[in-house]
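Q: Before anything else, here's the structure in question.
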Amino acid sequence: MPQIVLREALKRGLEEALDNDPRVFMMGEDIGEYGGAYAVTDGFLKKFGPERIKDTPISEQAFIGAGIGAAAAGLRPIVELMSMSFALVAFDQIVNMAANLRYMSGGQISIPMVIRAPTGAGVQLGATHSQSFETWLAEVPGMKVVCPSNPYDALGLMRSAIKDDNPVLVAEPALLYGAKGEVPDEYYEIEIGKADVTRTGTDITLISYGYGMRPVNEAADTLAGRGLSVEVIDLRSLSPIDMDAVIASVKKTNRVVVVDTARRRGGIMAEVTADLQQRASEWLDGPIMRVGSVDVPWPYNRGLEREVLTDAADVLAAVAEGYGL
Amino acid sequence: MASSTKSSSTTSRETAKSPKNGKNSAADLDKSGIGAETDYLDLFRQMYLIRQFEIACGENYSKGSIRGFLHLYIGQEATGVGAISTLREDDYIVSHYRDHGHALARGLDINRSMAELFGRSTGTSKGKGGSMHLFDVAKRFMGGHAIVAGQLPLAAGLALAQQYNKTDDLTICFFGDGSTNQGVYHETLNLAAVWKLPILFFLENNMYGMGSSIERVRAGGIDFYPGMATYGIPAAEVDGMDVLAVKETTELAVARIRNGEGPQFIEAKTFRFVGHSLADGQKYRGQEEVKEWEERDPIITFPTKLIAMGLATSDQIAEIKAGVDLAVENSVKFAEESPDPDLSEIHTDVLA
Ligand SMILES: Cc1ncc(C[n+]2csc(CCOP(=O)(O)OP(=O)(O)O)c2C)c(N)n1
Ligand SMILES: [Mg+2]
């Protein structure tokens, strides 16, 4: 199977949609002439023209809001935020408008819009540029949130997100744009809300998504080297969450560690933990271990940032603490 | 209002042609040591310091010693230096992520500033903030803010405190052309005007917000100052490549603010000679445009003018350059030799 990087996978999904559906268009800061802050839309302006590849002013609230309006009128906008941290200035539009409109209108309006944003820490951008607000937006009913960890999922999820008739946030782990993986030429989609058991095992379940799959896979390798049979789940979708897959796995392994590279407190893994406690506690041989990045603003210094960011050692420490393995 | 102050910018342009007249009455309001006489050589020293500092930053970014996003002030030195030279010690300065120039013009320690960019414990924020988040509260330098336009209401709040405390101090807030497209920019202008806050809105119009030229993202052309009439905020335009013009225009606005006349707005037309950040390949603009602006490089034109006017000798200029070069070199050494913050620093400074 051909190997491509995650950026290329996203690009392919976007390009296909632009090729096939005239209702699809894109908006965002410097996505056109500049080619996109992370080069995902490089070359699009030339191919699709300024009517469909719209460079916007630095007005996130206005262009996300305009995307919502265009979607309400039947178009299928794909809107790029230059960073997940900038979602904050558009939160009102995303939450109060995009997510609430359908319900408030008694189902008369739907908002088939995709919001894409690079997310996560790890490249020393400091407190204001390293945050992962997909975990906040995953709490909001009326919209969906996905976060791929590899090129295959990135393309499959992007296709589904664009076809979805609801607002979908695609959180793109900034550290993974250059990550390589196999992507077939044949068409496929990945259903939003379906987790992926990426490794099967019987001793312990490790659960994460997005960039968190890196430390989890690394930890799984280490544990496997010690003779343990590790099951690994990539949630892929933070809203809805595939709790059935999570619970099925825990029933088998009786041990679980949930892992996030976003801040630990209040994140999506708190939700997974609470549901597990309620629905599977009798199957567990120990505490549900929750790993996340340290609950402080993101520091700039490299050593501090690395220490704050969840890594494989943190996952292994939780496995040892919770289960003595 | 805009039209009446437009003439002040014309004056400052004329003045700039004969720097001796650059000494003006507003200067005697200054208690920060600049004095009644314009210290031309110090203005040059500051601009040259910023230029060399930024060049060193670029080099150390390429080496990997400085990381994250790095936005250089190269080309814009005359604006920050001219504007900040008019302020007093108690005035607040608020900047955005392109903040090194404002910080150095304010007199932040060059070693500690460089160390911050290196992420070292000796840095102004102990290595926690980085290039986009420089702070030195003792110098009333209130950051370094990396969310576009996020610094404007903060500046209004600082000015509110100055007004509340019945001082005649003021706050200067720097921002870029691109930031004017944020809603909070308009909200802050209106709020400041309604409350007559002692704030100087200082727009550094460098013609681009990242890869977007103003014409592509703003209805109404490249001039922002005329629009200030909407808010009832007096506004002036000034040549941001001319440090003396900037200084004089700012002095006038500062005098008005101290006189209780409320917010003022200055738009300096300037240019960054380099990319938006070190990650920018500048595909969106031609090099001819850059070259044209470079011909007005204040680091070259200002000393040339001073020498021609008999206000400086080439020996004096050379001496200043040598001193600055050494200081910048030493700042890099200082940063390199400084330790990283201790890991325990992760948990400090989160709450008061
Ligand atoms: C809310 C928000 N949106 C987008 C960005 C990304 N960004 C950083 S600087 C910048 C351009 C700003 O241009 P301008 O205000 O003209 O300032 P300049 O960089 O030219 O000094 C952009 C889009 C951001 N930091 N914050
Ligand atoms: Mg600009």
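Q: Helices (runs of 4 or more DSSP H) wholly in the range A:218-325 with at least 1 residues that are away from every other protein chain (no Cβ under 14 Å) and aromatic (Phe, Trp, Tyr) - which ones?
A: Details: elements: A:243-253, A:268-280, A:302-308, A:312-323.
Hits in the range A:218-325: A:312-323.
Q: Do we have any residue at all in the range B:169-177 that's within 16 Å of ligand 1 (Cβ to nearest atom), in a helix (DSSP H, G or I) and in contact with a strand residue (DSSP E or B) (Cβ under 9 Å, 6 or more places away or on another chain)?
A: Taking the range B:169-177 as the starting set, the residues that turn out to be within 16 Å of ligand 1 (Cβ to nearest atom) are B:172-177.
Restricting the remaining residues to those that are in a helix (DSSP H, G or I) gives B:177.
Adding the requirement that they be in contact with a strand residue (DSSP E or B) (Cβ under 9 Å, 6 or more places away or on another chain) leaves B:177.
Looking for residues that are within 16 Å of ligand 1 (Cβ to nearest atom), in a helix (DSSP H, G or I) and in contact with a strand residue (DSSP E or B) (Cβ under 9 Å, 6 or more places away or on another chain), one finds at least one in the range B:169-177, hence yes.
Q: Name the pairs: first residue in the range B:152-166 and over 15 Å from B:Phe201 (Cβ atoms), second residue surrounded by fewer than 18 Cβ atoms within 10 Å (Cβ to Cβ), Cβ to Cβ under 8 Å, at least 6 apart or on different chains?
A: Between residues of the range B:152-166 that are over 15 Å from B:Phe201 (Cβ atoms) and residues that are surrounded by fewer than 18 Cβ atoms within 10 Å (Cβ to Cβ), the close pairs are B:Gln163/B:Trp195; B:Gln163/B:Lys196.
Q: So which of B:Leu200, B:Leu191 is touching a helix residue (DSSP H, G or I) at 6+ places or on another chain (Cβ under 9 Å), open to solvent by less than 10 Å² (accessible area, probe 1.4 Å) and more than 15 Å from ligand 2 (Cβ to nearest atom)? Before you say what the answer is, go through the steps one by one.
A: Values: B:Leu191 fails: open to solvent by less than 10 Å² (accessible area, probe 1.4 Å).
Criteria check complete, one pass: B:Leu200.
Q: Also, quick follow-up: Tell me, which residue of the range A:93-148 that is aromatic (Phe, Trp, Tyr) and part of a helix (DSSP H, G or I) is farthest from the other protein chains (Cβ to nearest Cβ)?
A: Of the residues in the range A:93-148, the ones aromatic (Phe, Trp, Tyr) are A:103, A:133, A:136.
Adding the requirement that they be part of a helix (DSSP H, G or I) leaves A:103, A:136.
On the way: A:Tyr103: 26, A:Trp136: 16 Å.
This residue is A:Tyr103.
Q: Check A:Glu51, A:Glu15, A:Glu8 and return the single one that is away from ligand 2 (no atom under 16 Å from the Cβ), open to solvent by 30 Å² or more (accessible area, probe 1.4 Å) and touching a residue at least 60 places away in the same chain (Cβ under 8 Å).
A: On the way: A:Glu51 fails: touching a residue at least 60 places away in the same chain (Cβ under 8 Å); A:Glu15 fails: touching a residue at least 60 places away in the same chain (Cβ under 8 Å).
Only one candidate passes the filter, namely A:Glu8.
Q: Filter the range B:178-225 down to the residues that are of a type in the set (S, T, N, Q) and at the interface with chain A (Cβ under 10 Å from one of its Cβ atoms), then identify the one that is farthest from ligand 1 (Cβ to nearest atom).
A: Pass one, the range B:178-225, residues of a type in the set (S, T, N, Q): B:179-182, B:188, B:190, B:205-206, B:212-213.
Checking the rest, the ones that are also at the interface with chain A (Cβ under 10 Å from one of its Cβ atoms) come to B:179-182, B:212-213.
On the way: B:Ser179: 4, B:Thr180: 7, B:Asn181: 8, B:Gln182: 6, B:Ser212: 8, B:Ser213: 10 Å.
Here the residue is B:Ser213.
Q: Taking the range A:209-251 on its own, how many of its residues are surrounded by fewer than 17 Cβ atoms within 10 Å (Cβ to Cβ) and either among the polar types (S, T, N, Q) or in contact with a Ser or Thr (Cβ under 6 Å, 6 or more places away or on another chain) (or both)?
A: 2
Q: Here's a follow-up. Just the residues that are more than 21 Å from B:Ile147 (Cβ to Cβ) and among the charged types (D, E, K, R), please, taken from the range B:107-122.
A: B:Asp109, B:Arg112, B:Arg120
Q: Based on this model, can you work out whether A:Pro22 counts as more than 18 Å from the chain's Cα centre (by Cα), open to solvent by 30 Å² or more (accessible area, probe 1.4 Å), within 14 Å of chain B (Cβ to nearest Cβ) and without any contact (Cβ under 8 Å) to a residue 60 or more places away in the chain? Spell out how you get there, then give the answer.
A: Numbers: more than 18 Å from the chain's Cα centre (by Cα): yes; open to solvent by 30 Å² or more (accessible area, probe 1.4 Å): yes; within 14 Å of chain B (Cβ to nearest Cβ): no; without any contact (Cβ under 8 Å) to a residue 60 or more places away in the chain: yes.
Spelling it out, it is not the case that A:Pro22 is more than 18 Å from the chain's Cα centre (by Cα), open to solvent by 30 Å² or more (accessible area, probe 1.4 Å), within 14 Å of chain B (Cβ to nearest Cβ) and without any contact (Cβ under 8 Å) to a residue 60 or more places away in the chain.
The values are calculated or read from the model by the stated rules, or taken from the named source; none is laboratory data. All values derive from a computational prediction rather than experimental measurement. Glycine gets a Cβ as well: all are built from the backbone with ideal geometry, and neighbour counts include every protein chain shown. Ligands, DNA and RNA are stripped out before the accessible areas are found, and what is left, the full protein with its side chains, is counted by its heavy atoms. Shrake-Rupley method; radii C 1.70, N 1.55, O 1.52, S 1.80 Å.
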